[in-house]
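Below: the structure, in C-alpha cells.
The values are calculated or read from the model by the stated rules, or taken from the named source; none is laboratory data. Just so it is clear, the structure is predicted and the values come from calculations on it, not from any experiment. Virtual Cβ from ideal backbone geometry, glycine too; neighbours counted across all protein chains shown.
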Amino acid sequence: MARRNLASGAGIWPKIYREGLLEGTFCPKRYGISSASVDAWRSHFMLQLLEPVGHVDEPSQHPMDDRQTVKVILRTNDGLEIESVLIPMSKGRNTLCLSTQVGCRLACQFCETGKIGLLRNLTVEEIVGQVVVAQAKLGWPINNLVFMGMGEPLDNVENLVQALRVLTDPRGLSFGQARITVCTSGIPTGLSTLAKLRFRRMGLSFSLNAATDAKRDLIMPINRRYRLKEVQDALQAYPKRDGFVLALNYCLLPGVNDDPSDAQAVAAFAKPLGRTLVNVIPYNPGTHPLTRAPRQDEVDGFVTQLKDEGLAVRVRQTKGRSVMAACGQLGNLELKKIRRNNHLDRLTVL
Ligand code: SF4
C-alpha cells in the first residue's frame, strides 16, 4: 500500500505525528482507524521513537514564571545521544531547540558541541522525532522550533529540508513556517538548497560572531572555507518575504570580539542585507573556556556601540547555563570518546 494512502486515508499520519501513537499496545478501534490499515502500516513501517534517557533542569530565575529550562538527552537506535532543549519564552510560550547532527565538525572555538567532532548526521526521522517525543512523550507544549542545538543544520541540509516538510505538514505536527527558525554558521551551498524549499515565512539566523575574516577565522574554522563576502552574497540572494528580518547572532566573547572596531565591522557586514536584528548572546563558558563570560557592563557597552552604528540589537537572555543547556554548551564527554576511538570526522575545514 502506498505511503500516501496509509497516511492520509486512514488518519494514521496525525496519530503518529501529533500523539506518537501506533507503538506497542495501540488499539486502532479506539481511534476510529481500521485494524487492517494499522496492520498494513506495521508491515511496512516501524515506529521507534528516540528514547529519553535523562534530563537536567534549570530552575526559573523569573519571580513570576516558574517554568524551567530543560535539556533532555535522547538515545538513538544505535546508542548515541543527542540533546534538545525546552526554553521558556515570554507570554507563556515555549521554544524547542533541535539538534541536526550527533556532534558537529565545524569546530567553532566557543562551542562545546564543536569539541566533539561529527559522529553522524541525524536522519529525517530523528530530527522530527525530537518534536514528537517532546510533545507526545514528555508532554511539553511547544510553540516554536529553532534549529540551534547540536550540529550545523546546513551541513545536513537534505535531511533538514525533508524534516521541515514533515514538521509543517498540516495533517500532522502542523508547525507554521513562521514558528520555525533555522540557524546557520553560513554554508552558501546549503543556503541555496534551503532557499529552493521556498519557505518564505520561516525565520533564518546567521551566526556571525566576528565580522572580519581575520577574526572570524580564529574562532570559526568554517570561515576559512567560506569567506564572509561569499556568505553575505548567499544571504542577499536568499528569498525573503516583505518585512523579513535576518537575525545575526553574535556570541559576545570578552577580549575577543567586543572592540568598537568589531561593532563597526558588524554594521558594514549588515548594511547590504536589508533589515537585520543583531542577537547579542553573552558567552557561556563550557569545559575548556575560550574566555570568561562577559560582565553585564561589557554586554551593555557593546550593545551601545552596535546601536550607535545604527543597528537593531537585542540581548538574548542566557537560559540553561547552569545545566550546560545554553547556546554553545550542548555536548557530552561520552560522544567525544566515541569520536576519538573511531577516528571520526573532526573537521577543520569542510
Ligand atoms: S556553534 Fe554550531 S556550527 Fe559551530 S561547532 Fe557548535 S554546533 Fe557546530
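Points worth noting:
- All conditions in (1) within 16 Å of the ligand (Cβ to nearest atom); (2) under 14 Å from Asn144 (Cα atoms) hold for Glu81, with the sole exception of (2).
- Restricting segment 98-122 to residues that are in contact with a Phe, Trp or Tyr (Cβ under 8 Å, 6 or more places away or on another chain) and among the hydrophobic types (A, V, I, L, M, F, W, C) leaves a set whose member that is farthest from the ligand (Cβ to nearest atom) is Leu98.
- Matching entry among Leu145, Leu138 (being within 26 Å of His62 (Cβ to Cβ), away from the ligand (no atom under 15 Å from the Cβ), touching a strand residue (DSSP E or B) at 6+ places or on another chain (Cβ under 7 Å) and modelled with pLDDT of 95 or more): Leu145
- In segment 122-137, the residues that are farther than 13 Å from Ile82 by Cα form no Cβ pair under 7 Å with any partner that is assigned to a helix (DSSP H, G or I) and basic (Lys, Arg), whether six or more places apart or across chains.
- Condition met for Gly149 (outside any helix (DSSP H, G or I) and under 15 Å from the mean Cα position of the chain (by Cα)): yes
- Subset of segment 198-221 that is of a type outside the set (Gly, Ala, Ser) and under 21 Å from Cys97 (Cα atoms) - its residue that is nearest to the ligand (Cβ to nearest atom): Asn209
- The set of residues in segment 156-172 being in a helix (DSSP H, G or I) and of a type outside the set (Ser, Thr, Tyr) consists of Asn156, Val157, Glu158, Asn159, Leu160, Val161, Gln162, Ala163, Leu164, Arg165, Val166, Leu167.
- Looking only at segment 149-162, and only at residues there that are among the aliphatic types (A, V, I, L, M) and touching a residue at least 40 places away in the same chain (Cβ under 8 Å), the one that is nearest to the ligand (Cβ to nearest atom): Met150
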